[in-house]
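Visitor: Here it is: the structure, laid out below.
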Amino acid sequence: MFLPILCLLAGQALADDYRPVFHFVPEKNWMNEPNGLIKIGSTWHLFYQHNPTANVWGNLNWGHATSSDLVHWAHEPLAITSENGIEAFTGTSYYDAENTSGLGTSGNPPYLAWYTGYFPSNGTQDQRLAFSIDAGETWTKFEGNPVISAAQEAPHDATGGLETRDPKVFFHADSGKWIMVLAHGGQNKMSFWTSVDAKRWSWASDLTSTQVPGLPSAIKGWEVPDMFEVPVHGTDKTTWVLIFTPAEGSPAGGNGVLALTGSFDGTVFHPNPVNVSTLWLDYGRDFDGALSWENLPDSDGQRILAAVSNSYGANPPTNTWKGMLSFPRTLSLHQTQTGQYFLQQPVSNLDTVSTPLVSVKNQTISPGQVLLSSVGGTALDIRIAFSADADTVLSLAVRKAGSQETVIQYRQSNATLSVDRTTSGFISYDPAAGGVHTAPLRPDASGVVQFRALVDTCSVEVFGGQGEVVISDLIFPDESSNGLALQVIGGTAVLRSLEVREISLD
């Protein structure tokens, strides 16, 4: 029996243990980054690193959930299990439309999932394959595993194959080959492998930090690659994008997700010079191990991606579950006279589960005024567009009561958007759980600034402008901290539009 994500746990109310309203979390226990994201027919499949027996990292399997809209999720049985002393680490899925693997039939081609096999007994990591011939409902491990052994990895890895993981696999039509991108744990490196049948692999090339022009030297420890080709909006061209999660060097400290653009010939990825102002996909602390869904129509030129919202290990104060999926967001690449930049926005299906609470048009707000103080909620979608004097600071407090508040702020003088968690609630669980995270955000050509804030039980995700910058952070306020306050400091602002919507999945 499939259980909806909003089910009650052991008699607990929904808000107990900080369980979110519209973000996916496991029914119980540990969750790491998403794996094998793929759409099969009309069903969105989410796999994820999961410990089904404890609320800590370890005993890792592929957890599984499905959705018809990326908003409502149903829990499914484990997809790829830890067994025989081999855990199932991170990986990706793809549709073998031509049955090149021979693991399905021409009439029923298989879905393939590659993952890293981890041996806790000796630390070995190798690459493995599973397949599904029932549209992703069940998965069978390939009898010939591993498809890349630690010994085969060893000549290309500084640890001799002990730290090679996170396979991203796709079919490259131009070369007629399967491509696998592997991360080398703790190293600043990806390796590229090719195959004609998705089972037997040969090393093709390496990508290291010295081959990425302009990449800051502080960015280290590459993990969790994703790679795909997208159109460049505003041109008639396409480009390849390589996403990964470095362990060091992100704007907020700790793990972060960045995106490189470049060309790919089926063997070597040639990255474009880095523009540090558009490098990062998120400026917050809690967007880690991002992957995108495969097997989507490409007519709109967008990818849809998600990450795990937790970079504090087992420290967050949730007792029955750990780890939350960021809300799925679209990703597209755009070209202007000043260069290329990514835009990200929450998937539009969120609108189907929200109802308006407040709508304001063309209202001036001056210092000393406080708007929205009569409005509250713990699951909100807030959208604001405004123009402001040069010395104005616009401040939106969410999850506010007493001394608790999380403050989203725009400072006109230096064109920065920020999220301040200093007094957001319980922050002593980790030294990095508080502080202020900042992103650059300039007004549009007409002088208007806009941002959108998704607020849930234990998180805020703030999308600046059209989605040029995003700041994602966990927060742990009291349940009663559900107020709002909008005000300005130093100068006036004209609210072109303001909308507050309440989100409910009931």
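The values are calculated or read from the model by the stated rules, or taken from the named source; none is laboratory data. Note that the structure is predicted; figures quoted are calculated from it, not measured. All Cβ positions, even for glycine, are placed from backbone atoms using ideal geometry, and neighbour counts span all protein chains on display. SASA here: full protein model, heavy atoms, side chains in, ligands and nucleic acids out. Shrake-Rupley method; radii C 1.70, N 1.55, O 1.52, S 1.80 Å.
Visitor: Just to be sure I understand, how many residues within the range 264-291 are on the phi > 0 side of the Ramachandran plot and within 23 Å of the chain's Cα centre (by Cα)?
Guide: The qualifying residues number 1.
Visitor: List the pairs whose first member sits in the range 125-145 and is at negative phi and assigned to a loop (DSSP other than H, G, I, E, B), whose second member is open to solvent by 50 Å² or more (accessible area, probe 1.4 Å) and modelled with pLDDT of 95 or more, and whose Cβ atoms are under 6 Å apart, counting only residues at least 6 apart or on separate chains?
Guide: Every condition considered, the pairs that remain are Ile133/Asn108.
Visitor: Do we find that Asp420 is open to solvent by 10 Å² or more (accessible area, probe 1.4 Å) and closer than 23 Å to Met324 by Cα in this structure? Quick ask: steps written out before the conclusion?
Guide: Values: open to solvent by 10 Å² or more (accessible area, probe 1.4 Å): yes; closer than 23 Å to Met324 by Cα: yes.
For Asp420, the condition - open to solvent by 10 Å² or more (accessible area, probe 1.4 Å) and closer than 23 Å to Met324 by Cα - is met.
Visitor: Give Trp203, Trp222 a once-over and let me know the one that is more than 23 Å from the chain's Cα centre (by Cα) and of a type in the set (Phe, Trp, Tyr). So that I can check it myself, show each step before the final result.
Guide: Numbers: Trp222 fails: more than 23 Å from the chain's Cα centre (by Cα).
After ruling out the rest, the residue left standing is Trp203.
Visitor: From the list Leu357, Leu394, Leu343, exactly one residue is outside any loop (DSSP other than H, G, I, E, B) and under 22 Å from the mean Cα position of the chain (by Cα). Which is it?
Guide: Numbers: Leu357 fails: under 22 Å from the mean Cα position of the chain (by Cα); Leu394 fails: under 22 Å from the mean Cα position of the chain (by Cα).
When all the criteria are applied, what remains is Leu343.
Visitor: Within the range 249-300, how many residues are loosely packed, with under 14 Cβ neighbours inside 10 Å, of a type in the set (D, E, K, R) and within 19 Å of Ile219 (Cα to Cα)?
Guide: Looking only at that region, the number is 0.
Visitor: Exactly one condition in (1) acidic (Asp, Glu); (2) surrounded by fewer than 19 Cβ atoms within 10 Å (Cβ to Cβ); (3) in contact with an Asp or Glu (Cβ under 9 Å, 6 or more places away or on another chain) is false for Asp391; which is it?
Guide: (3)
Visitor: Just to be sure, is Arg501 open to solvent by 10 Å² or more (accessible area, probe 1.4 Å), touching a helix residue (DSSP H, G or I) at 6+ places or on another chain (Cβ under 9 Å) and among the basic types (Lys, Arg)?
Guide: It is true that Arg501 is open to solvent by 10 Å² or more (accessible area, probe 1.4 Å), touching a helix residue (DSSP H, G or I) at 6+ places or on another chain (Cβ under 9 Å) and among the basic types (Lys, Arg).
Visitor: Right, here's the next one. Kindly list the number of the only condition in (1) among the polar types (S, T, N, Q); (2) open to solvent by 10 Å² or more (accessible area, probe 1.4 Å); (3) not in a helix (DSSP H, G or I) that fails for Gln152.
Guide: Checking Gln152 against (1) among the polar types (S, T, N, Q); (2) open to solvent by 10 Å² or more (accessible area, probe 1.4 Å); (3) not in a helix (DSSP H, G or I), the one that fails is (3).
Visitor: Here's another thing I want to ask about it. Search the range 238-261 for residues that are free of Cβ contacts under 8 Å to residues at least 60 places away in the same chain and over 12 Å from Trp280 (Cα atoms) and pair each with any residue that is among the hydrophobic types (A, V, I, L, M, F, W, C) and not in a strand (DSSP E or B) when their beta-carbon atoms are under 9 Å apart and the residues are at least 6 apart or on different chains.
Guide: What qualifies is Glu248/Ala218; Glu248/Ile219.
Visitor: Look through the range 360-376, keep the residues that are open to solvent by less than 70 Å² (accessible area, probe 1.4 Å) and part of a strand (DSSP E or B), and return whichever of them is nearest to Asp456 (Cα to Cα).
Guide: Across the range 360-376, the extreme among qualifying residues is Gly376.
Visitor: Please give the number of the condition Leu296 fails out of (1) in contact (Cβ under 8 Å) with a residue 40 or more places away in the chain; (2) within 24 Å of Ser175 (Cα to Cα); (3) assigned to a strand (DSSP E or B).
Guide: Answer for Leu296: the failing condition is (3).
Visitor: Being under 28 Å from the mean Cα position of the chain (by Cα) and in a loop (DSSP other than H, G, I, E, B) is the filter here, so list the residues in the range 377-391 that pass it.
Guide: Hits for the range 377-391 are Gly377, Thr378, Ala379.
Visitor: Here are some conditions: (1) crowded, with 22+ Cβ neighbours inside 10 Å; (2) assigned to a strand (DSSP E or B). Ala485 meets all but one. Which one does it not meet?
Guide: (1)
Visitor: Among all residue pairs at least 6 apart or on different chains, which show Cβ distances below 7 Å where the first residue, located in the range 391-407, is closer than 13 Å to Ser424 by Cα and without any contact (Cβ under 8 Å) to a residue 24 or more places away in the chain and the second is open to solvent by 10 Å² or more (accessible area, probe 1.4 Å) and in a strand (DSSP E or B)?
Guide: Listed pairs, sorted by first residue: Val407/Ser395; Val407/Asp420.
Visitor: Here is a list: Asp17, Asp96. Which entry is more than 20 Å from the chain's Cα centre (by Cα), over 19 Å from Arg329 (Cβ atoms), of a type outside the set (A, V, I, L, M, F, W, C) and open to solvent by 20 Å² or more (accessible area, probe 1.4 Å)? Please lay out each step first, then the result.
Guide: Numbers: Asp96 fails: open to solvent by 20 Å² or more (accessible area, probe 1.4 Å).
Criteria check complete, one pass: Asp17.
Visitor: In this structure, does Val449 turn out to be open to solvent by less than 30 Å² (accessible area, probe 1.4 Å) and either touching a residue at least 40 places away in the same chain (Cβ under 8 Å) or more than 18 Å from Val21 (Cβ to Cβ) (or both)? Working first, answer last.
Guide: Values: open to solvent by less than 30 Å² (accessible area, probe 1.4 Å): yes; either touching a residue at least 40 places away in the same chain (Cβ under 8 Å) or more than 18 Å from Val21 (Cβ to Cβ) (or both): yes.
So Val449 passes the test.
Visitor: Do the conditions hold for Gly186, that is, is it crowded, with 20+ Cβ neighbours inside 10 Å, in contact with a Ser or Thr (Cβ under 8 Å, 6 or more places away or on another chain) and either part of a helix (DSSP H, G or I) or touching a residue at least 12 places away in the same chain (Cβ under 8 Å) (or both)? Working first, answer last.
Guide: Numbers: crowded, with 20+ Cβ neighbours inside 10 Å: no; in contact with a Ser or Thr (Cβ under 8 Å, 6 or more places away or on another chain): yes; either part of a helix (DSSP H, G or I) or touching a residue at least 12 places away in the same chain (Cβ under 8 Å) (or both): yes.
It is false that Gly186 is crowded, with 20+ Cβ neighbours inside 10 Å, in contact with a Ser or Thr (Cβ under 8 Å, 6 or more places away or on another chain) and either part of a helix (DSSP H, G or I) or touching a residue at least 12 places away in the same chain (Cβ under 8 Å) (or both).
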